[in-house]
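Comments concern the structure below.
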Amino acid sequence: MKQTKLDYINGLKGIGAGIVYLCHFVFAFYYGMYSLEAADCHLPGNLDIVIGQSPLNTLFSGNFAVRLFLVMSGYVLCLGYFKSRDKKRLVTSASKRYIRLLPPILVSNVLICLLMLLGAFRNVAVSELTGSPWLAGFNRCEPNFMNAILEAVFGCFFVGTNQFNGVLWTIPFLFLGALLVYGVAWLIGDKKWRYVVYAIIGAAVLMTDYAGIFFGFVLCDVMHTQEKLVIWVKKQKWLLWLVFAFGFYLSSYPSAGAHLEGTIYGIIPIVMVVPFHLAGALLLVAAVVCLEPLQKFFGWKPFVKLGDISYSLYLVHFPVIATLGCFLFEILYGKMSYHLAVLLVFVVTTAVVIGISVVFKNYIEPLGKKGERYVESKFAKNK
């Protein structure tokens with residue numbers, strides 16, 4: 001498959017979704033890699049802690065992956081506008097945002113509620129076997145279809161309700177955050193003084209999760225309107241590689257934010273996990289946008305394919321871990337070594353997660369696209 005100019009963006013989305021999946025799997029079965037506490041370890045010699053304190057933790061750093069996903073979303077949302085300067089695109093995109101996001105959330109919530117009613121969620125019981133208090137904290141509410149539907153159509157979009165699907169806490173930032181950047185772009189996206197307003201808004205949202213999508217939007221503006229600056233930066237290859245390296249360092253900061261004495265992260269005198277991960281994501285994206293070798297790497301076909309199903313994968317992966325994954329682990333536990341049981345569970349769970357994600361991508365997500373086309377037709381009639 002020949003790479004297109006923006007394949008690397010889809011590849012980055014795929015990597016982000018994959019990291020979130022690995023994060024939740026690791027938190028469920030090797031919690032010590034996150035907590036960095038000896039009592040939570042399963043590997044010999046407390047190797048869990050060694051891995052968790054090393055840059056390898058980036059592979060399962062869900063906190064970083066969410067910031068990367070938000071930054072990428074902010075970057076992509078107004079990409080068409082900054083290229084065309086057509087404000088109508090902003091209005092149309094804003095009007096379609098809810099319709100696009102809703103169908104997979106609604107279907108997954110209904111299915112999750114059904115699984116809860118059937119007693120399929122085994123995460124609480126398995127948390128006793130794996131020693132993961134994190135795993136026990138989900139799907140503890142009373143299953144009710146009306147509540148599941150209300151969460152899907154309203155709660156998760158406006159207040160971050162996530163009783164049925166834990167990952168829905170990010171939806172307000174993907175929805176309301178998108179409306180924020182669309183509105184800002186429409187109001188001042190063509191003004192020379194817009195960067196002053198950007199700075200004010202950036203300061204206001206800095207300590208919230210709206211920061212990721214907003215600063216991703218600002219990065220997109222800079223990369224597509226400040227031609228002289230971008231041309232100069234792209235010529236400084238050594239600087240861009242330093243930006244990438246420093247971005248990776250910040251991105252790999254362990255999410256626990258503790259027990260880091262004597263590690264490469266212990267030299268930082270303050271602990272600010274979310275800001276570190278946000279800054280790291282921004283620097284990584286900025287470097288990738290400017291460096292062709294990185295674009296080729298992140299545009300690798302498997303990454304792009306994963307990016308194609310990233311939204312559905314993000315929504316369905318935890319229910320699969322908490323039902324099928326935990327059910328299999330209960331069967332295998334005690335019949336073989338802990339690590340072999342986890343490996344078998346990982347293989348089966350990963351295959352099922354990908355399979356369901358493909359089904360959602362092919363049959364559920366298109367429902368949102370049909371809604372988008374309906375909105376577009378209404379706008380076309382009103383022109």
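Read-outs throughout are calculated quantities, based only on the coordinates presented, and are distinct from any laboratory measurement. Predicted model, so just to flag it, every value in this text is computed and none were measured. FYI the Cβ positions are ideal-geometry reconstructions off the backbone, even for glycines, and counts take in every protein chain you see.
Values for this structure:
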| item | result |
| --- | --- |
| Order of D308, D40, D86 - criterion: other Cβ atoms within 10 Å of each residue's Cβ, fewest first | D86, D308, D40 |
| Filtered trypsin sites (Lys or Arg not before Pro), the range 176-230: DSSP coil and at most 11 other beta carbons within 10 Å | K191, K192 |
| MRE, 222 nm, helices only [DSSP H, n ≥ 4, -39500 (n - 2.57), over the chain, to nearest 500] | -21500 deg cm²/dmol |
| Of W232, I270, P302, farthest towards positive along the dipole that unit charges on Lys, Arg, Asp, Glu beta carbons give the chain | W232 |
| Fewest-first ranking of V274, V71, V342, V153, using other Cβ atoms within 10 Å as the exposure measure | V153, V274, V342, V71 |
| Trypsin sites (Lys or Arg not before Pro) within the range 1-67, DSSP loop, no more than 12 other Cβ atoms inside 10 Å | K2, K5 |
| Kyte-Doolittle mean at least -0.5 and Cα axial length at least 24 Å: DSSP H helices in the chain | 7-29, 87-117, 171-188, 273-290, 338-359 |
| Per-pair calculated FRET efficiency, R0 = 30 Å: L343 and L111 via Cβ, rounded to 0.05 | 0.65 |
| Efficiency of FRET from Cβ geometry, F158 and V196, R₀ 30 Å, rounded to 0.05 | 0.50 |
| Candidates G183, G355, G262: whichever shows maximal mean-square fluctuation once the chain is modelled as a Gaussian network with Cα springs under 10 Å | G262 |
| I213, I188, I331, I267 arranged by Cβ crowding within 10 Å, fewest neighbours leading | I267, I331, I188, I213 |
| Estimated distance in nm for a label pair at L179 and A125, the labels positioned 7 Å out from Cα along Cα-to-Cβ | 4.2 nm |
| 20 Å Cα-Cα reach of K237 towards aspartates and glutamates, excluding residues that sit fewer than 8 places from it in its own chain | E227, E292 |
